[in-house]
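Worksheet: the structure to be examined is printed underneath.
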Amino acid sequence: MKKNAFSQESAAASEELQQELAAQIGESDTFRDKMKRMASNNKLAVFSAILIVVFILLALLAPVLTPYELEEMDLMARLSPPSAKHLLGTDELGRDVLTRLLYGARVSLAVGIIPTVVSMIIGAFIGMISGYVGGMVDTVLMRLADVVLSFPSLLLAMVIMYTLGDGISSIFIALAVTNWASVARVIRSETLSLREAEYVEAARSMGVKDFTIIVRHVLPNCIPSLIVLFTLNVPSAILSESSLSFLGIGVQLPNSSWGLMVNLGRSYLYDAPWLSLVPSAAIMLVVLAFNFLGDGLRDVLDPHLKDA
């Protein structure tokens, strides 16, 4: 009896210890497990992800969802309020606002996503090289990042836009140049801690090349931080594009973007408020959705940030 009781106590203690270690380490959770946990614990993040997918689908299916062309005019129906024929009304040239909103989503979302991806690739590469190599390389790269971060991002983007000229490609370059430094700083700090990990030391002692160590060991462990940074940097890029277009140095006609629509509609704010309010609401919804999704991903991918 005593032997059975002792065995049961040992088994219970062992199970309790394993649960405690699993709770502390948390390495057994796969990415799918973490997403399931976020789906069950953070409904707002899930709703935000669905909303983002809906906006992307609306942008891709714009020619199918609207019977009007982007520049199709009806001067007899200019500044018409929302109706069954024009669900979101028309602008000063009789163009359907819903059509321009859907086509504008293509530009605004592309400007938010593509420069963010480019800046994250550049920032991640520089951050990993800086943190892993150290020394003079680290000093030079981080001082360069400090120079970029010392300028207000919107002001630096305006300078680049004035230098390169108007156009969507110029916006891509401007936003990519202004956003890589913050990514590099975060990834550098991650790399500094990973560089001293036992498995990295073991790989280095076995003669594995530094590039292979960075790609196989450092980069995979930085992916959760990169995912979170992506969801938080996309709305920043969308707001920057909207600000540049509102100031008249961003997207230009005949293209359409949400920021440009707000700029063009401000002259009719009292007569036709929907011209500015509709794209403004779209910007607000997308920005909030990306921010809420980023918060949810941060909580499940890096629980230390949640507790901090």
Go ahead and set up a Gaussian network model of the chain, Cα springs under 10 Å, then flag whichever of Leu61, Leu297, Leu244 fluctuates most. Leu61
Counting Lys +1, Arg +1, Asp -1, Glu -1, what net charge surrounds Glu69 among other residues with beta carbon under 13 Å of its beta carbon? -2
For the chain, find the longest principal axis of its Cα atoms and tell me its angle to the long axis of helix 274-301, 0 to 90°, nearest 10. 0 degrees
Of Leu275, Trp258, Ser182, which is farthest on the positive side of the dipole of the chain, counting Cα position, with +1 on Lys and Arg Cβ, -1 on Asp and Glu Cβ, and the Cα centre as origin? Ser182
Out of residues 5 or more away from Asp74 or on other chains, whose amide H comes under 5 Å of its own, with H placed 1.01 Å from N in the peptide plane? Gly94, Arg95
Which of these, Val147, Val186, Val228, has the largest mean-square fluctuation under a Gaussian network model of the chain (Cα springs below 10 Å)? Val147
Built amide H within the under 5 Å cut-off of Gly250, gap 5+: Ser245
Debye, to nearest 20: dipole size of the chain, +1 on Lys, Arg Cβ, -1 on Asp, Glu Cβ: 200 debye
Can you give the three extents of the C-alpha atoms in segment 92-237 along their principal axes, from longest to shortest, in whole Å? 70, 28, 19
Relative to the longest principal Cα axis of the chain, at what angle does helix 135-150 sit, 0 to 90 degrees, rounded to 10? 30 degrees
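What's the long-distance tail for the chain, i.e. % of Cα pairs beyond 30 Å?
48 percent
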To the nearest 10 degrees, how steep is helix 31-41 against the longest Cα principal axis of the chain, on a 0 to 90 scale? 70 degrees
From phi via Karplus (6.51, -1.76, 1.60), per-residue ³J(HN,Hα) for segment 74-85 in Hz, x at Gly/Pro: 9, 5, 6, 10, 5, 6, 6, x, x, 8, 5, 6
Carbon and sulfur atoms account, in whole percent of the 1.4 Å probe accessible area of segment 142-222, for 64 percent
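How many Å² of accessible area per residue for the chain, probe 1.4 Å?
I get 55 Å² per residue for the chain.
The values are calculated or read from the model by the stated rules, or taken from the named source; none is laboratory data. Here the structure is a predicted model, which means the values were calculated and not measured. Every residue, glycine as well, gets a Cβ built from its backbone with ideal geometry; the counts of neighbours run over all protein chains shown. Note: areas computed on protein heavy atoms with side chains; ligands, DNA, RNA excluded. Shrake-Rupley method; radii C 1.70, N 1.55, O 1.52, S 1.80 Å.
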